[in-house]
Amino acid sequence: MLVEVFLFAVLVFLLWKTFSKPPGLPPGKWGLPLVGYIPWTSKNFEEQVMDLHQQYGNIFLWRMGTQLMIFINDYKLMKEAFSRAEFIPRPDWDVLTLIDEAPHGIVSSSGILWHNNRRFTLRQLRDLGMGKSSLVGAVQQQCLKLRETLAKGAGTAVVINHQLHLSVINIIWYMVASRQFDAENKRLHEFVDLLSDLVILSNRLAIKDFMPWMQNVMPDFLFKRLIKYHEMMDMKEKFLQFFREEVEEHKATLDPNHPRDLIDSYLLEMEAKKDDPETTCSERDLMFLMFEMFSAGSETTSNTFTWVCCYLAAHPQVQRKLHAEIDEVLPSGALPTLAEKSRMPYTEAVIHEVMRACSLINFGVQHMAASDTQLGGYTIPKGAVVSTTVTAIHYDSRYWDRPEEFRPERWLDENGKFSMVKEGFLPFGVGKRVCVGESLARMELFILTTMVFQSFAIAPPPGKSVNLTPDLSGFFFRKAMPNEFVFTAREQ
Ligand code: HEM
C-alpha cells in the first residue's frame, strides 16, 4: 500500500512539474503541453495580445502550441532586448525559410550569413543611390504612372491598391535587376499573383511551426495537405525560376566595372570571394535575397501609402496644409527629390504620424533568445521567441500626448521644423535587426505622398466616410479596410 501511495505521489509530482510554468518566467498563459494556451484562444490574435497586456503588463508569455512566445509592449525594454546580441537570432520557423533546407538571405538567417547579407544589402542600397539620381528617378517614374492611372479614374470612386502595388514592385525590380515592367506585362502580373499567394500560404505553415509534433502523429500526406506543402513548394519554385532567369541574364551581360544593380554587385562579390573557404555567397542565397527584397519591401510600403490616403481623406484640414506646403516648395508641378525633404516638414510629419497611427506591422518580425538570459527581471529561456506589440507602444501615453488623435503637428517643434521623435516610435523595428530597407521606404513614401497630392485631392465618395478601423484578419499586417476614394485633379 505504502509503495502505491508513494508511486502515486511521484506521478502527481511529475505531472505537476510537466504541466506547470517553470519559476522565474514572465507572467502569462502557460496552458497544456503540446497545445499551450491555444485551445482557450477565441479572439483574433491582436485582441488577445492586447487583453493579455492589460492583464499582465509590459512583458508576458503566451505558450502557443510548443512555442514559448514573449510579448513586450514597453519601448525601453524592447530597445534593450533587440540591441542585445543574444536576441539577434530568428526562430527557425518554416514560415520564414519557406521550408528550405537552411535559412538564406537576411530576414530568416542568423550568424555570419545574416551579418554578411545585411552588410552587403545596406551597402548596396546606399551605393545604388539612396538619394542619388538613379533610384530617385525610378521612384518618380513609377509615381508618374500611378498619377496617370489615378487621372483616368479622377472624379469617380476607386480603390487604389492595384496600381500602387505594381509601382512599388517595379521600384524593387529596378533596384534588384534594373527592370521596370509595363503595367500590362504578363510576367509582372504573374509575379504579383505569386506575392499575394505567399501571404495566404505562409499562414498555413504556422501550424508546422507552432505544433511540429502533428507531423509525427498524422499520416504524411494528410499533414502535407493541411499545411499546403505542395502548393508552397510550387510557389517557391516559381519564384526561384523568375530569379534564376534574371541571374543568368545578368551573368551573360555583367560588366565588372559598371555593376548595374543588386544582382551584378552580388555576382561580383561572389566572384571576389570564390577562393575564400568562409564565403557565404551562393546563387541560391542570391535568389533568396532577391525574394526577400520583394516580400519585405512591397506590401509594407504599399500598405503604408494606402494608410496615408485613408488618413488624408479622413482629415481634410491636414490635407489642406499638406497641399499648401507642396505648392510652396514645388511650384508648377516640379518633381520632388530628397533635396526638398528638409523644406517639407509638414509632409514628413504627416508620413510619420500615419506610420505611428497605423502601426502596420504590429508584431514586428520575431527574434529568438540564443541562450538562457534575463530581461526585465525575468528569465527568458533559450529558444523563446520575443515579439513587440507596436500598437501598444505607438499609443503609449508616456510617449504620446493624446495618442488616439491623428495630429501631424506632434512631429513639429516650436519653429515648425520636423523633429524625429525616436522614443516610443518603431515602425521599422529597433536595435540590431532594424529594417534594412528603411531609407528606401522613407524615400518612396516621401516621393509618393508629394507627387500624388501635388496632383490630386482625395475624399471619400459623397455620403460615405473613411473607415479607419484596421483589418485584423491577417497576422503580419494591420491593413486598411478596402476604402473607396474620389481623387480630384488639382489646379497647379
Ligand atoms: C514602410 C515600409 C517598411 C516597413 C514598415 C518595414 C518594417 C520592418 C520591420 C518591422 C522589420 C523587422 C525588424 C526586426 O527584426 O526587429 C523589417 C525588417 C526588414 N526589412 Fe523592412 N520595412 C519596410 C520596407 C522595407 C523595404 C522597402 C525593404 C527592402 C527593399 C525592407 C527589407 C527588410 C529586410 C531585409 C528586413 C530584415 C532585417 C534583418 O533581419 O536584419 N523593408 N522591416
So how strong a dipole does region 111-489 carry about its Cα centre when Lys and Arg Cβ are +1 and Asp and Glu Cβ are -1, to the nearest 20 debye?
-> 580
At what distance in angstrom do the alpha carbon centres of region 133-157 and region 24-38 lie from each other?
-> 49
Rounded to whole angstroms and listed largest first, the alpha-carbon spread of region 426-467 along its three principal axes comes to 47, 24, 9
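At a 1.4 Å probe radius, carbon and sulfur cover how many percent of the accessible area of the chain?
Percent of accessible area from carbon and sulfur atoms in the chain: 57.
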For region 1-82, what is the per residue volume of the convex hull drawn over the alpha-carbon atoms, in cubic angstrom?
-> 118
Between Lys321 and Lys464, what FRET efficiency comes out of the Förster formula 1/(1 + (r/R0)^6) with R0 = 22 Å and r the beta carbon distance, rounded to 0.05?
-> 0.40
With r defined as the distance between the Cβ atoms of Val199 and Asn257 and R0 fixed at 35 Å, what FRET efficiency is calculated, to the nearest 0.05?
-> 0.30
Just from its helices, what would the mean residue ellipticity at 222 nm be for the chain, if runs of 4 or more DSSP H residues each count -39500 (n - 2.57) and the sum is divided by every residue, rounded to the nearest 500 deg cm²/dmol?
-> -16500 deg cm²/dmol
Distance in nm between Gln141 and Glu101 label points, each 7 Å along Cα→Cβ, equals 3.8
By what distance, in whole Å, do the Cα atoms of region 299-407 stretch along each of the three principal axes, largest value first?
-> 60, 30, 23
May I have the extent of the alpha carbons of region 441-492 along their three principal axes, as whole Å values ordered from largest to smallest?
-> 42, 34, 10
Gap separating the Cα centres of region 451-492 and region 380-421, nearest whole Å | 23
Built amide H within the under 5 Å cut-off of Gly28, gap 5+ | Leu61
Over 29 Å (Cα to Cα) among Lys186/Lys251; Lys145/Lys432; Lys21/Lys79; Lys422/Lys464; Lys21/Lys208 -> Lys145/Lys432; Lys422/Lys464
In order over region 368-373: 3J(HN,Hα) from phi, Karplus 6.51/-1.76/1.60, θ = phi - 60°, whole Hz, x for each Gly or Pro, gives 10, 6, 6, 8, 4, 8
What full-extension length gain, to one decimal in nm, is calculated for Asn216 and Met270 as 0.36 nm per residue of separation minus the Cα-Cα distance?
-> 15.5 nm
What is the distance, in nm, between label points placed 7 Å from the Cα along the Cα-to-Cβ direction at Arg119 and at Ser332?
-> 4.9
How large is ³J(HN,Hα) for each residue in region 352-365, as worked out from phi by the Karplus curve 6.51 cos²θ - 1.76 cosθ + 1.60 (θ = phi - 60°), to whole Hz, x for Gly and Pro?
-> 5, 5, 5, 4, 5, 5, 7, 6, 3, 9, 4, 10, x, 10
Towards the positive end of the charge dipole of the chain, with charges on Cβ (+1 Lys, Arg; -1 Asp, Glu), say which of Asn216, Pro256, Met481 has the farthest Cα.
-> Met481
Given N residues in region 111-489, what is Rg(Cα) / (2.2 N^0.38 Å)?
-> 1.05
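Taking the Cβ of Tyr395 as the center, what net charge do the other residues with Cβ under 9 Å away carry, scoring Lys and Arg +1 and Asp and Glu -1? Provide the component values of the computation, followed by the final result.
Numbers: positive: Arg356; negative: Asp396, Glu404.
Neighbourhood net charge equals -1.
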Over all Cα pairs of region 108-235, the Kirkwood radius sets Rh, and Rg/Rh then becomes 1.10
For the chain, find the longest principal axis of its Cα atoms and tell me its angle to the long axis of helix 133-152, 0 to 90°, nearest 10.
-> 80
Using just the C-alpha positions of region 250-340 as equal point scatterers, what log10 of I(q)/I(0) does the Debye formula give at each q in 0.17, 0.21 1/Å?
-> -0.86, -1.06
Solvent-accessible area per residue, Å², over region 111-489 with all protein chains present [probe radius 1.4 Å] | 43
Just subtract the alpha-carbon distance of Ser371 and Glu414 from 0.36 nm times their residue separation and send over the number in nm, one decimal.
-> 10.8 nm
So how much slack lies between Ala489 and Ala157, counting 0.36 nm per residue of separation and subtracting their Cα-Cα distance, in nm?
-> 118.2 nm
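The values are calculated or read from the model by the stated rules, or taken from the named source; none is laboratory data. Just so it is clear, the model here is predicted, and its values are computed rather than measured. Here Cβ is always computed from backbone atoms with ideal geometry, including for glycine, and neighbour counts include all displayed protein chains. In case anyone asks, the SASA skips ligands and DNA or RNA and just uses the protein heavy atoms, side chains included. Shrake-Rupley method; radii C 1.70, N 1.55, O 1.52, S 1.80 Å.
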